[in-house]
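The values are calculated or read from the model by the stated rules, or taken from the named source; none is laboratory data. Keep in mind the model is a prediction, meaning the values are calculated, not measured. Virtual Cβ from ideal backbone geometry, glycine too; neighbours counted across all protein chains shown. With ligands, DNA and RNA removed, areas are computed over all heavy atoms of the protein, side chains included. Shrake-Rupley method; radii C 1.70, N 1.55, O 1.52, S 1.80 Å.
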Amino acid sequence: MLNFNDESVLDSWNQNADSWITTIENEEIASRKIVTNHAIIDAIISYSPESILDLGCGEGWLTRELTIKGIEAWGVDGVSALIKKAQLMNCGKFLVASYEDIVNNNKIDIKFDAAVCNFSLLGKETVDNLIPSIPSLLKNNQLLFIQTLHPVIGCGELPYIDGWRQELWNGFNSDFKQPAPWYFRKIETWIKLLKSCGFSILECREPINPITQKPASIILIACCC
């Protein structure tokens, strides 16, 4: 079994931050361009939130896009190099905050109509602790959008069981310093986690890659009401 844990997730992203920024600037991830970027924006816009918190915002592309569309968007991430890059773009509001900061240190002191986690729920315990705290960040316990790898794609040839996996960055042009660990969850596990935290699932969307004709991601839209 891979010797990964939640601490190693943040450590990897701190080391790979510059390479990730280059990857995004060079548009190296085809599925983002043709499927998943538009999919999460369309999902959010369809519910018309006036404000949103982008949890694990990375270099801030989604926060900026939502700001341009007239939504008050805040982006938070635990990797300071990514937040510094986001702030340089002068579009959207950004804050350095890990999930532990949000859960344990009340780092976010305002409330939003919605929260979004776009390919940013990578850990085990950190995610299990974050999801129950999200309703406290929302006005009237409103909406949560989660986009993550579809299990059909994310599982690959490995057994369909929850567990740690690693991103080796194969096929990327940028020079990543080390593999990035992430925790794979079955669809059943995502549903159980959300329900255990008081969320009701409103929709499950499966954006299809028009080239491969396979699901590029899964988007869960939930509310806590």
Here the net charge surrounding A97, from other residues whose Cβ is less than 13 Å away from its Cβ (Lys, Arg +1; Asp, Glu -1), is -3
Accessible surface of the chain [probe 1.4 Å, protein heavy atoms]: carbon and sulfur percent: 51
Please report how many Lys pairs in the chain have alpha carbons closer than 21 angstrom, counting only residues at least 8 apart along the chain or sitting on separate chains. 25
Under the 0.36 nm per residue contour assumption, what length would be gained going from the current alpha-carbon distance of S174 and I29 to full extension? 51.1 nm
What is the distance, in nm, between label points placed 7 Å from the Cα along the Cα-to-Cβ direction at N140 and at K195? 2.6
Once you list every other residue whose beta carbon is under 9 Å from the beta carbon of I21, what net charge do they have if Lys and Arg are +1 and Asp and Glu are -1? -2
Put V103, V76, V152 in order of accessible area, largest first, probe 1.4 Å, and you get V152, V103, V76
How big is the antiparallel share of DSSP beta bridges in the chain, given as a percent to the nearest 5? 50
Note: probe point = Cα of E206 + 7 Å toward Cβ; backbone nitrogen < 20 Å; residues of segment 168-192 passing the test are 184-192
With n ≥ 4 as the cut-off for DSSP H runs, can you work out [θ] at 222 nm for the chain, using -39500 (n - 2.57) per run divided by the number of residues, rounded to the nearest 500? -9500 deg cm²/dmol
Which whole-number percent is the relative contact order of segment 52-191 (Cα, under 8 Å, 6+ apart)? 19
Spin-label pair Q15/S80, simplified geometry with 7 Å Cα→Cβ offset, distance in nm: 1.9
For a test of the definition: using alpha carbon positions, the gyration tensor, and the 1.5 limit on a/c, classify the chain as rounded, prolate or oblate. rounded
Coil-residue GluC sites (Glu not before Pro) of segment 16-98, DSSP, other Cβ within 10 Å capped at 12: E27, E50
Does a label point 7 Å from the Cα of E167, set along Cα-to-beta-carbon, have any residues of segment 49-79 with amide nitrogen under 11 Å, and which are they? 58-59
So what's the net charge close to P179: Lys and Arg +1, Asp and Glu -1, counting the other residues with Cβ under 11 Å from its Cβ? +1
Cut-off 16 Å, label 7 Å out along Cα→Cβ of Y47, residues of segment 133-167 by amide N: 133-148
